[in-house]
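The block underneath contains the structure these notes are about, expressed in structure tokens.
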Amino acid sequence: MNAANPAISSTAGRECWLPTLQLSMQEVFELMLACPLQVPPEPPSLEGLDITSMVGLAGQLCGILTVRCSAKSAARMASRMLGVDVEKAGPEMWDAVGEICNMVAGNFKNKISGLGDGCMLSVPTVITGGDYSLHSMVNSEIQTILLFDGEPIALTLEVHS
Amino acid sequence: MENIVTLIVDDSSVMRKIVERSLRQAGLGISQVLEAGNGMEALAAVQQNKVDLILCDINMPVMDGLEFVKQLPAIEKAKGVPVVMITTEGSEGHVVQALSAGAKGYIRKPFTPEQVKEHVLPLLGGKQ
């Protein structure tokens, strides 16, 4: 599939995607977790973000969208999504983080003209642990950090083509 | 309100629970909720149970939601049962594809309980 839309295919066109990416995640947290996200006043440390959820994009835009957070944040997300105590939500946290990443990816692509029908999403994959390296044919990368209950969540879009 | 038996089809158990909670919050008279993790399980559930409403994801392993909707009319018990798609695939093309396949409604994730009510209530007709 060719990238017919210059705003999708050119790096310059992607520069304006950062606020859209942020908005996509903020909407998911507000609607599904009833919890607004905050923009950190200064860049927070990303140490301890040991849960990584990934969704692949293929078509007019090829790449990977990742959401990284701590295990504590993941359990809190599951707790809010399910409406149960954090202790009871623990076993569901991987599923919850995967669904959040899936919804952010879908919400994002539906906001970019031409991507809705021109880009497919993979099912989410969740990695536990921070001691890994991800090697992909990255052409450009957009990252934003937002705070959920005061804890950082890193949202990254790696674009391959 | 009459008792409404609902089938929720999604490969995410978290999402199935969220959809169920949204239905209950909407006060739609849901008496029983059945769950399925993909289209194949959903077809089996419909063959074994009398269902009044189906809420179904699109992207699922084994059998996706569009294939499920296409195969549903072949089941006698399922004739006339409305299916509402709930999915992240929210583009116009996907909506047209789902409605053409036989779905009666389409809800984009993320969603609110109010949106679920807005889409589901008109489909329940005499059941409400």
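Rule-based calculations on the coordinates, nothing more; no lab input. None of these values were measured; they are calculated from a predicted model. Neighbour counts are summed over all protein chains in view; Cβ atoms, including those assigned to glycine, are modelled from backbone coordinates with ideal geometry.
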*Positive-end residue of A:Pro41, A:Ile112, A:Gln22, charge dipole of the range A:6-159 with Cβ unit charges*: A:Ile112
*What residue among A:Val67, A:Val97, A:Val39 has the largest mean-square fluctuation in a Gaussian network model of chain A, using Cα springs under 10 Å?*
A:Val39
_For the range B:1-74 and the range A:93-130, what is the centre-to-centre distance using only Cα atoms, to the nearest Å?_
22
*Please report, in debye to the nearest 20, how large the charge dipole of the range B:42-128 is about its Cα centre when each Lys and Arg carries +1 at its beta carbon and each Asp and Glu carries -1 there.*
300
*Within straight-line cross-link reach of B:Lys79, aspartates and glutamates at Cα separation under 15 Å, skipping those fewer than 8 residues along the same chain*: B:Asp52
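Can you classify the range A:22-161 as rounded, prolate or oblate using the Cα gyration tensor, where a ≥ b ≥ c are the square roots of its eigenvalues, rounded means a/c under 1.5, and otherwise it's prolate if a/b beats b/c and oblate if not? Intermediate results must be reported in sequence, preceding the final value.
On the way: a/c = 1.57, a/b = 1.42, b/c = 1.11.
It comes out prolate by the Cα gyration axes.
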*Please determine, in degrees from 0 to 90 and to the nearest 10, the orientation of helix A:71-82 with respect to the longest principal axis defined by the Cα atoms of chain A, where the helix direction is its Cα long axis.*
90
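Would you tell me the mean number of C-beta atoms belonging to other protein chains that fall within 10 Å of each C-beta in A:110-123, as a whole number? It would help to have the intermediate numbers written out before the result.
On the way: counts 7, 1, 0, 0, 1, 1, 7, 7, 2, 2, 2, 4, 1, 5.
Mean shielding count: 3.
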*Determine the shielding of peptide A:24-34 by partner chains: average, over its residues, the number of Cβ atoms on other chains within 10 angstrom of each Cβ.*
2
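Would you compute, from DSSP H runs of 4+ residues alone, the mean residue ellipticity of chain A at 222 nm, taking -39500 (n - 2.57) per run and dividing by the full residue count, rounded to the nearest 500? Show your work: numbers first, answer last.
Details: 6 runs with 59 residues, N = 161.
That comes out to -10500 deg cm²/dmol.
Using a 10 Å cut-off on Cβ to Cβ distances, tally the other chain neighbours for every residue of A:97-109 and report the average as a whole number. Don't skip to the end; give the middle numbers.
Values: counts 1, 4, 10, 2, 0, 6, 7, 2, 1, 10, 5, 1, 4.
Mean shielding by partner chains, rounded to a whole number: 4.
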*Helix-only CD estimate at 222 nm, as mean residue ellipticity for chain B, using -39500 (n - 2.57) per DSSP H run (n ≥ 4)*: -12000 deg cm²/dmol
*Which lysines does A:Lys72 reach when only Cα atoms under 23 Å apart count, and residues fewer than 8 places away in its own chain are ignored?*
A:Lys88, B:Lys17
_Among A:Ser133, A:Ser70, A:Ser79, residue whose mean-square fluctuation peaks in a GNM of chain A (springs only between Cα atoms under 10 Å)_ = A:Ser133
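Give me the number: length gained by fully extending B:Glu92 to B:Ile75, i.e. 0.36 nm times residue separation minus the C-alpha to C-alpha distance, one decimal in nm. Write out the running numbers ahead of the final one.
Numbers: separation 17, 0.36 × 17 = 6.12 nm, distance 2.85 nm.
The span from B:Glu92 to B:Ile75 would gain 3.3 nm if fully extended.
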